[in-house]
1. Here are some conditions: (1) facing chain A (nearest Cβ under 10 Å); (2) within 23 Å of B:PRO168 (Cα to Cα). B:ASP291 meets all but one. Which one does it not meet?
2. Which members of region B:325-375 meet the condition of being at positive phi and either in contact (Cβ under 8 Å) with a residue 40 or more places away in the chain or touching an Asp or Glu at 6+ places or on another chain (Cβ under 8 Å) (or both)?
3. Condition first: surrounded by 15 or more Cβ atoms within 10 Å (Cβ to Cβ), closer than 25 Å to B:LEU161 by Cβ and out of contact with any Ser or Thr (no Cβ under 7 Å at 6 or more places or on another chain). Can you find one or more residues in region B:233-256 that meet it?
4. In the list A:ASP140, A:ASP77, which residue meets the criterion of being free of Cβ contacts under 8 Å to residues at least 12 places away in the same chain and within 29 Å of A:ILE333 (Cβ to Cβ)?
5. Considering only strands (runs of 3 or more DSSP E) fully contained in region B:1-104, which possess at least 1 residues that are at pLDDT 95 or above and within 14 Å of chain A (Cβ to nearest Cβ)?
6. Name the single residue that is farthest from the other protein chains (Cβ to nearest Cβ) among those in region A:246-259 being at pLDDT 95 or above and in contact with a helix residue (DSSP H, G or I) (Cβ under 7 Å, 6 or more places away or on another chain).
7. Could you say which residue among A:LEU220, A:LEU226 is touching a helix residue (DSSP H, G or I) at 6+ places or on another chain (Cβ under 8 Å), under 24 Å from B:PHE241 (Cβ atoms), in a helix (DSSP H, G or I) and not basic (Lys, Arg)?
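The values are calculated or read from the model by the stated rules, or taken from the named source; none is laboratory data. The structure presented is a predicted model; accordingly, all values stated were derived computationally and were not measured. In this analysis, Cβ positions are derived from the backbone assuming ideal geometry, glycine residues included, and neighbour counts consider all displayed protein chains.
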There are 2 protein chains.
Amino acid sequence: MLENNSVGLVAPQTAHFDTPLTLKSGAVLPQFDLVFETYGQLNADKSNAVLICHALSGNHHVAGKYHESDKNPGWWDNLVGPDKPLDTNKFFVIGLNNLGGCHGSTGASSINPATQQPWGSTFPVLTVEDWVNSQALLADYLGIEQLAAVVGGSLGGMQALQWTLSYPDRVKHGLVIASAPNLTAQNIAFNEVARQAIITDPEFHNGDYYAHGVVPRRGLRIARMLGHITYLSDDAMGAKFGRTLKNKVGNQLQYNFDVEFEMESYLRYQGDKFAGEFDANTYLRMTRALDYFDPALNYDGDLSKALANVKAQFLVVSFTSDWRFSPARSREIVKALLDNELTVSYAEVTAAHGHDAFLMPDPHYHAILRSYLNKIDVNNTKLRGVV
Amino acid sequence: MLENNSVGLVAPQTAHFDTPLTLKSGAVLPQFDLVFETYGQLNADKSNAVLICHALSGNHHVAGKYHESDKNPGWWDNLVGPDKPLDTNKFFVIGLNNLGGCHGSTGASSINPATQQPWGSTFPVLTVEDWVNSQALLADYLGIEQLAAVVGGSLGGMQALQWTLSYPDRVKHGLVIASAPNLTAQNIAFNEVARQAIITDPEFHNGDYYAHGVVPRRGLRIARMLGHITYLSDDAMGAKFGRTLKNKVGNQLQYNFDVEFEMESYLRYQGDKFAGEFDANTYLRMTRALDYFDPALNYDGDLSKALANVKAQFLVVSFTSDWRFSPARSREIVKALLDNELTVSYAEVTAAHGHDAFLMPDPHYHAILRSYLNKIDVNNTKLRGVV
């Protein structure tokens, strides 16, 4: 059964692009598909479109369900829907699977038309800038000249920020949540361990595992287990799992390497699930795009200079227990935006869940988003007439 | 050339134990060897012995060198030597390789006398209590009834604390550095990811890789890379590596998965080095001993009750940037000791290096150790006569 404030049943669409896309690396994609979903109605002057950018393992299925008994709504369903903080009565919301993704958009597992084989290792490394360029083409495809807002958490927040840089006239508001102006050495280190787990898996076959009928499941599993540690706070893990034994009979321990603690059980479950669903080449590219994102790189590290041409208004949100992208990193963004005399709202939300907090329906957090989004001015006269 | 305040050239010794040792798990080791080194002279009444317990990847080679041109002194050489904070003019210092280790003491790679094959997967899982029991047998072997002190950092600190619990009359001072009364869920999670990287390596062969002439190098490498992230602080990594590119030509990026950042290069180097030296079965057992350490387990989590029979005096040291074993965890130990009206000195050292700080010659930290150790009363009249 669908909730009252769900966007209801949805279906993905595919946009095909025949014009070659030159990437930041210099590589050229001769053609590509982007899979996307939309929720709500585009208004007459096309001023109410909001693009949602996904993070490392996300996709285009942001809200709604695929069938009546679907138990897994879109990944940001708690945010997007009629009367929800990102209100689909007001906004036309677009979710897409990023280029290089593994949920339908062109990626390493897609067929390279030149060889009729999967791209595999030859699929290029993408950057946040490349994604934003491809998303701008999707906006063109939908006939949208200017987005009311681009919204994203984590890697998605980097895309929202990049939009305001790459297309200052095409985005009115950037909502940059649980994000950072670049990765720290520690962030890069975690990514590198995850990548090395995948790359050294004997079934990775240098990225061309499709041809061998295998997937580097072991490596992907380790990568995901590690990721989960960084998504949660130490305290949240302590509260949820603590030192609780999995098969507690008194305090009898097993003295082996099977699951002994609930914590281990959770991680193995998450790792196994992900390894059966996600493409390793996509994982590698998503983490590399994170590593590379650094708008200040060519401005001697001066983020304020890097953002000099930005015109959008901003909401920046961070979470106190997020040690992956700490509030201090969000404040760097805020400072650089303010240095450019831009209009910025900043909220540091007290939340226990660490980086994952950006996905959770924390009332304070959602109230902040609702309030900000409510104030965005769009011309919905015609839309309201229809409803 | 040897420094003036080095213990000089040293050589390991081996103590063989023929009496079966019953472990906490119920398993029995029919016989075992412990490799150890000593520095300084045992005094006439044998009151000046200090045992150093090693952490996850440590061993018996605490101080000194094996030959004149040896470039790698013992792992705590900055602490132990004549006129150093742990002064070998005063103390007789013992370092050993823990049971289950891979530096000469009996472990999984040793030959099981019953089968004449390496123990491999059949080598038992050990606990901190087991190590302390085996260390007490080594003290017996050396004719030492009571240790002036047991000193350890990290997992070594857990052993120091356990000594005061298991043998309250055999240890006068416990020096518990950068340690914790048990692991948090996050600590266990990191250990589990490391173990799973090893166990799922196709060359692990369920722990019996010796028979196959291979080692699970890939898994061990990942485990070590991950470990290194947790040994350093985010800030220390930032200061040391930041986002510095490895092969910087302008800001030209490679857009592939080879080493791009200095951070990656460091981690790969550390991982490769370790994977060529360390035994995977030992790594598994060391991490499991960490997981299991929890003196309060059978006291409803009440550490104060668990420590009721302790008699020793303590120095507890933590480091502000240590997020693996944070100062808060050391304060838990201090509180429980104070609840039992024991004499405790506690120092929270401002240090940037994270968990690794306990191995570094920070002047403030070393001054604290020197001061505490100087005040320990031993009867060295005869020893001084000899010198």
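1. Every listed condition holds for B:ASP291 apart from (2).
2. Of everything in region B:325-375, just one residue is at positive phi and either in contact (Cβ under 8 Å) with a residue 40 or more places away in the chain or touching an Asp or Glu at 6+ places or on another chain (Cβ under 8 Å) (or both), namely B:GLY354.
3. no
4. A:ASP140
5. Values: elements: B:13-17, B:32-39, B:49-53, B:92-96.
In region B:1-104, no matching strands (runs of 3 or more DSSP E) lie anywhere.
6. Top of the filtered list is A:VAL259.
7. A:LEU226
Matching residues to (1) farther than 16 Å from B:TRP76 by Cα; (2) touching a Gly at 6+ places or on another chain (Cβ under 6 Å); (3) among the small types (Gly, Ala, Ser); (4) at pLDDT 95 or above:
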residue	(1), (2), (3), (4)
B:LEU142	yes, no, no, yes
B:LYS172	yes, no, no, yes
B:ILE177	no, yes, no, yes
B:ALA180	yes, no, yes, yes
